[in-house]
Amino acid sequence: MQKSISKLLAALSAILLCSAIYAAEDSGINIRHLSNEQNIIDLQPAGRYLLLPVEDEAVEGKVYLVQDNVTISHGLNIRLARKKVDYYVPVDLSAFHGRKLQMEIQAVPASSVCWDHISFADEFEMQTSPEPAYHHIPPYGWMNDPNGMFYQDGVYHLYYQYNPYGCTWGNLHWGHSTSTDLVHWKHVGAPLAPDAWGYIFSGSCVVDCHNTSGFGENAVAAFYTSSKPTRWTDCQAQSIAFSTDGGYTFDKYESNPVLISDLKDFRDPKVFWYAPGKHWVMVLAAGQEMHIYSSSNLIDWKFESAFGEGQGAHGGVWECPDLVELEVEGTGEKKWVLICNINPGGPFGGSATQYFVGSFNGKRFVNEFPEETKWMDWGKDNYATVTWSNAPDGRCIAIGWMSNWQYQNQLPVFGYRGANTIARELSLYEQDGEVYLKSGPVKEMDAARSLVTEKKPFPVSGMDCKKDYCLPEDGVFEIELTFRNHGAEKFGIVFSNHDGESVKMYCDASKGKFAMDRTESGNVDFSVDFPVVTCAPVPENDELSLRIFFDRTSVEIFGNGGEFVMTNLVFPSSPYTGIGFYADRGAFDVTSFKVYRID
């Protein structure tokens, strides 16, 4: 797998390099090298974009845009190519057509190869690979946490942490995508960019229906963390931007930031309207606590309470909170769920999402089930899970970042890093006196599928794993399975390809767990933290149902209608097209078997 990836990267780099060398013959670029790795580029824009060559493993250089001897942009941290060109990133200069500019570049040696490959272009399209078919990814570059999701006028808006100047973390903007069905996504820009107060970190959006803020009726208010590294520490504060065109462009509030603290970790504001108290609520991640604030106008905030001490997992920093009210199925009772993302400290290492179920009175959250740490997803690769504001029909719809901070920077992909899970519908259910979160695929995923094959029920006995190569050859499908156990201590499924790589899933009835093993799934050598077996607790029951979504580089498993969920990345050399079944010390029946293509 590693060899094939290396060949692909080399081929793509060669294609891009040839085009850049040709374009470099155009006039309009003059490079001057000063001392101490200082450089000046004199520019007469001859195209919309200035293409800068990047090397992912290079040390970051600092890039500033200068006009009439005045710096007019905040510094970009770009890993300009020192020894080799991995890919190119565009700097949009369309606003300066016909005008002379300069670019100051610091901390990049004159001997670097980047200077020979800077060029202009009127169009830009990054080649990305391997690319999922139906999961949301950035158009190119880096993506992490989903941010600011809201619904308005038939459109679901999804923002995300975005670096348009490289495939590693940095230069954080809010990228923006839209959808009318939560399956097909359209990229529409990056409306929030770093400013004097720093990077644009994670946050949320609300639709201010009654103009409590004065920004305008039905204005969209975005809340985000301004994060500015200083000589001493990272300074984090909460800022506001507002939109009067439905979230496509934003104006930043003139008196930002609106909420400050002396805490090191103070970020990721989640804002929502609390109807009983007729006020806004903000939940903030503050170290290993969640802080709760209230406001009548979205601008002036009052501290109300803190939650977290002695509650849940504390192996790392708490991040990306959410607080939603859900009905407990079959009871008519409602409870509040506090979603808390943690890094590190997940059940299998690195980042993960935990949650708490309890009550909320508009000022204080109380965890009513403190004896057990509850995890929203039992895989390695679901983080920063948050929900849509203003979702229609009272729905609670969530989405997560599909990766893990342990190895996100090392993922063996080209042209981009970062993908989201499929959208998920949240509800609550009761089991043995405890209340748990159920997370299933949104109903829109049903509308996107078409039947490929269906098999009649069949029995399985013994460890002889019979393989049937009946799955779509492109590795893009959903499989729906139900089982009835007849005394097997362990029964499972193996998905495999023609390269001898496989993903194993099994239910260990003797230990009350469901597991996925990706240790032989393909390329697992890029990180020591990647090859792993993840497990979820399952109640004693002879029946098990699974919906499993494969999308080239990811596997999402929804068990028993979403009572347990497991999300894991995989990087096979070729798609998994074979499926086999086995039983240990007993037998079981496959009572239903359907394979769907996701359109």
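So here's what we get for this one:
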| item | result |
| --- | --- |
| Rotationally averaged projected area of segment 39-134 (alpha carbon convex hull; nm²) | 7.2 |
| Estimated dipole of the chain in Debye, rounded to 20 [Cβ of Lys and Arg +1, of Asp and Glu -1, Cα centre] | 640 |
| Span from the segment 367-429 Cα centroid across to the segment 56-70 one, whole angstrom | 35 |
| Inter-centroid distance (Cα atoms) of segment 241-315 relative to segment 125-158, Å | 24 |
| Packing-based order for 42-51, 396-405, using average beta carbon neighbours within 10 Å, highest first | 396-405, 42-51 |
| Distance histogram for segment 100-159 (every C-alpha pair counted, 5 angstrom bins, percent rounded to whole numbers) | 4, 9, 13, 14, 15, 15, 13, 9, 6, 2, 1 |
| Angle in degrees between helix 2-23 and the longest Cα principal axis of the chain, rounded to the nearest 10 | 30 |
| From phi via Karplus (6.51, -1.76, 1.60), per-residue ³J(HN,Hα) for segment 256-263 in Hz, x at Gly/Pro | 5, x, 9, 9, 10, 7, 8, 6 |
| Prolate/oblate/rounded label for segment 73-176 (Cα gyration tensor, a/c 1.5) | prolate |
| Accessible-area composition of the chain, carbon plus sulfur, in percent [1.4 Å probe] | 48 |
| Whole-number accessible area per residue in Å² for segment 331-477, which is evaluated in the context of all protein chains at 1.4 Å | 38 |
| Rounded accessible area per residue of segment 150-298, 1.4 Å, Å² | 38 |
| If the convex hull is drawn through the Cα atoms of the chain, its volume per residue in Å³ | 156 |
| ³J(HN,Hα), Karplus 6.51/-1.76/1.60, whole Hz, each residue of segment 341-353, x for Gly, Pro | 8, 9, 8, x, x, x, x, 10, x, x, 8, 6, 10 |
| Solvent exposure, largest accessible area first (probe 1.4 Å, DNA, RNA and ligands not counted), of 454, 563, 501 | 454, 563, 501 |
| Shape metrics for segment 474-592, restricted to C-alpha atoms - Rg then Dmax, Å | 13.8, 40 |
| Probe 1.4 Å, protein heavy atoms only - accessible area per residue of segment 62-108 in square angstrom | 49 |
| Highest-first arrangement of 477-483, 373-379, where packing means the average Cβ count within 10 Å | 373-379, 477-483 |
| Packing-based ranking, highest mean first, of 455-468, 536-549 given that Cβ atoms within 10 Å are counted | 536-549, 455-468 |
| P(r) weight above 22 Å for segment 301-391, C-alpha pairs, percent | 28 |
| Base-10 log of normalised Debye intensity for segment 214-253 (one unit scatterer per alpha-carbon) at q = 0.31 Å⁻¹ | -0.99 |
| Gyration tensor (alpha-carbon) shape descriptor, segment 402-543, a/c threshold 1.5 | rounded |
| Values of log10 I(q)/I(0), in the order q = 0.13, 0.16, 0.18 Å⁻¹, for segment 125-268 under a Debye, Cα-only, solvent-free model | -0.58, -0.86, -1.04 |
| Relative contact order (%) - criterion: Cα under 8 Å, at least six apart; region: segment 165-301 | 17 |
| Segment 211-318 - Debye-derived log10 I(q)/I(0), Cα point model, q = 0.19, 0.21, 0.24 Å⁻¹ | -1.02, -1.16, -1.35 |
| Distant-in-sequence amide H partners of residue 382 (H built 1.01 Å from N, under 5 Å) | 403 |
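The values are calculated or read from the model by the stated rules, or taken from the named source; none is laboratory data. Just so it is clear, the structure is predicted and the values come from calculations on it, not from any experiment. Every residue, glycine among them, receives a Cβ derived from its backbone with ideal geometry; neighbour counts consider all protein chains shown. Surface accessibility is based on the protein's heavy atoms, side chains included, excluding ligands, DNA and RNA. Shrake-Rupley method; radii C 1.70, N 1.55, O 1.52, S 1.80 Å.
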